[in-house]
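In what follows, a structure is listed as structure tokens, so that the remarks can point back to it.
The values are calculated or read from the model by the stated rules, or taken from the named source; none is laboratory data. Quick caveat: nothing in here was measured; it's all calculated off a predicted structure. Reconstructed Cβ throughout: ideal geometry from the backbone, glycine too, with neighbour counts over all protein chains shown. Areas reflect the complete protein model, heavy atoms only, side chains present, ligands, DNA and RNA absent. Shrake-Rupley method; radii C 1.70, N 1.55, O 1.52, S 1.80 Å.
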Amino acid sequence: MAGKVFFSVSMSLDGFIAPESSEELMGRQWMELQQWIFPQRFFRENLKLGGGGEEGRDNDIVRETFERTGASVMGKRMFDAGERMWPEEAPFHTPVFVVTHEKRDPWERPGGTTFHFVDEGIETALDQAREAAGDRDVRIAGGGATILQYVNAGLVDEFTIALSPVLFGAGIRLFEGVDAARVALEQVRSEPSAKVTHLTYTVRKR
């Protein structure tokens, strides 16, 4: 049985998931937004940042998100930013399908991550990701515009937001341009921790 299609992001209290410019990734605001995840033991192990790290529900959620993911889909903007910042052993360890207009051969990285470049639209990329994922889930990794395309197309089953006590004021809003007339949500659970609140929703057609 095919798995679900989901996304999982950190979001500021005023609705932003990233700075406007990719040059500002890893900047002060973005680091504050993501400060809950960097100390987690599983995150540190996955990126080979050294031993130690925090355990608890935040750490469990990071691990569970990784373990459920059989393949990922991302947009070209996210890939371009990540290509500069990810370590040689990219942190996905699964096939990743990049939605792009560029024709490019697959790019295999150490540790099990292979980037496939799909120039035939979001549905073709998702079909290929589903096939690669088998009975595991497909994660729409980002960025915001790509997530929104999948939401508006009715292709996302559920999502989780790690709501962080940070204000951006400007940047990329998660739901800027959402087709609210077609998309309805049902809250599945809310899990507060000391650093963020994890909000999970299922998505259905209105």
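Taking the listed residues R57, R41, R28, the one that is open to solvent by 60 Å² or more (accessible area, probe 1.4 Å) and either touching a Gly at 6+ places or on another chain (Cβ under 9 Å) or closer than 23 Å to V151 by Cα (or both) is R41, with no other qualifying. Of everything in the stretch 193-206, what is assigned to a strand (DSSP E or B) and modelled with pLDDT of 95 or more? Give them in sequence order. Matches in the stretch 193-206: T197, H198, L199, T200, Y201, T202, V203. Of all residues in the stretch 172-190, none satisfies the criterion of being charged (D, E, K, R), touching a Phe, Trp or Tyr at 6+ places or on another chain (Cβ under 8 Å) and open to solvent by less than 80 Å² (accessible area, probe 1.4 Å). Exactly one residue out of L148, L155, L163 is farther than 14 Å from F6 by Cβ, open to solvent by 20 Å² or more (accessible area, probe 1.4 Å) and either in a strand (DSSP E or B) or touching a residue at least 40 places away in the same chain (Cβ under 8 Å) (or both): that is L163. When you check R130 against the structure, is it closer than 28 Å to M11 by Cβ, in a helix (DSSP H, G or I), open to solvent by 50 Å² or more (accessible area, probe 1.4 Å) and modelled with pLDDT under 95, yes or no? Considered against the rule, which asks whether it is closer than 28 Å to M11 by Cβ, in a helix (DSSP H, G or I), open to solvent by 50 Å² or more (accessible area, probe 1.4 Å) and modelled with pLDDT under 95, R130 comes out as no. The single condition from (1) within 18 Å of G15 (Cβ to Cβ); (2) open to solvent by less than 70 Å² (accessible area, probe 1.4 Å); (3) touching an Asp or Glu at 6+ places or on another chain (Cβ under 6 Å) that S193 fails is (1). Across the stretch 82-101, a minimum of one residue is classified as touching an Asp or Glu at 6+ places or on another chain (Cβ under 6 Å) and surrounded by fewer than 16 Cβ atoms within 10 Å (Cβ to Cβ). Applying the criterion of being aliphatic (A, V, I, L, M) and not in a strand (DSSP E or B) to the residues of the stretch 1-36, the residue that is modelled with the highest pLDDT is L13.
Limited to the stretch 167-193, what total is found for residues that are over 21 Å from A145 (Cβ atoms), in contact (Cβ under 8 Å) with a residue 60 or more places away in the chain and of a type in the set (A, V, I, L, M)?
Selection size over the stretch 167-193: 1.
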